Amino acid sequence: MPTELTYQQTEELKKKLRAGTFDANLELIQLIRLDFDPITAKELLAKVIKSYKDDLYNETKEKKELEDRGSIAFGVTIMTSIMVALLGGNNGLLILISIAVACGAGYYGYPNKPIAAVVGFAFGAIVLPFACAYYLRGRESFINVELLIPIFISFGPGFLIKYVLSRMLYSDED
């Protein structure tokens, strides 16, 4: 009498779980027909189901971590670009620092699609100081909420570029 499932049997059961065609009673009967002890077969099915749930949990956890990394990267890029735009004007060195931070943040925040993220974030970091300078030109005061307009002007196309490059370069992954 066998006491363990083969790798192929385990993967077939997980595939059925993923597809939604898993029936515990039917699988139990099938394992008993393959000469498994009924108690062992129940334990093995429970083990496979637990393993599948653990895999789903880990996948969800990894997705959440990637989303958090993307949010952190976006926040860092926005903050450095706004600081350069408000404090440094159009100083070339500060803009280069902002671009370097944006590229690093894009690479950190989107490790699955680094090229698209780096290009999109760099575009936003390049455009934001000029968009802020243009928008705030001739004004002596502004409301902080008004900074959203230059952010949308610069990072809107930046995210569009990131999206298009993601689709073009990594189309087989989605």
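The values are calculated or read from the model by the stated rules, or taken from the named source; none is laboratory data. Small disclaimer: the values here were computed from a predicted structure and weren't measured. Every residue, glycine as well, gets a Cβ built from its backbone with ideal geometry; the counts of neighbours run over all protein chains shown. Accessible surface areas use protein heavy atoms only, side chains included; no ligands, DNA or RNA. Shrake-Rupley method; radii C 1.70, N 1.55, O 1.52, S 1.80 Å.
Straightening the chain between Ala46 and Ser141 buys 27.6 nm, computed as 0.36 nm per residue apart minus the Cα-Cα spacing. Filter the DSSP H helices in the chain by two things, a Kyte-Doolittle mean of at least 1.6 and an axial alpha-carbon span of 24 angstrom or more, and list the hits by number. TM-like helix candidates: 92-109, 114-136.
The dipole here belongs to the range 1-92: it is taken about the Cα centre, uses +1 on the Cβ of Lys and Arg and -1 on the Cβ of Asp and Glu, and is about 240 debye. Normalised by the number of residues in the range 41-174, the mean separation of alpha-carbon contacts (under 8 Å, six or more apart) gives a relative contact order of 23 percent. Positive-end ranking of Gln30, Leu17, Tyr7 along the dipole of the range 1-73, with charges on Cβ about the Cα centre, is headed by Leu17. Does a label point 7 Å from the Cα of Leu26, set along Cα-to-beta-carbon, have any residues of the range 43-64 with amide nitrogen under 20 Å, and which are they? Only 43-50, 52-53 pass the distance filter.
Each Lys and Arg adds +1 at its Cβ and each Asp and Glu adds -1 at its Cβ; summed about the Cα centre, the range 61-172 shows a dipole of about 120 debye. Surface composition of the range 82-141: carbon plus sulfur atoms contribute 68% of the solvent-accessible area (1.4 Å probe, protein chains only, all chains present). All alpha carbon pair distances within the range 50-92 were sorted into 5 Å bins beginning at 0; the resulting P(r) in whole percents reads 5, 21, 13, 13, 10, 9, 9, 6, 6, 4, 3, 1. Of the GluC sites (Glu not before Pro) in the range 65-174, the ones in a loop by DSSP (not H, G, I, E or B) with at most 13 other beta carbons within 10 Å are Glu140, Glu173. With protein chains left intact and a 1.4 Å probe, residues in the chain average 65 Å² of accessible area per residue.
Select from Phe142, Met79, Tyr163 the residue farthest towards the positive end of the dipole of the chain; place +1 on Cβ of Lys and Arg, -1 on Cβ of Asp and Glu, and compute about the Cα centre. Sorting the options by dipole projection puts first Phe142. The candidate values were (i) 1.49; (ii) 1.66; (iii) 1.18; the one computed from these coordinates for Cα Rg over 2.2 N^0.38 Å carries the label (ii). Which entries of Lys14/Lys113; Lys14/Lys64; Lys113/Lys162 have Cα-Cα distances beyond 20 Å here? Lys14/Lys113; Lys14/Lys64, as the Cα separations exceed 20 Å there.
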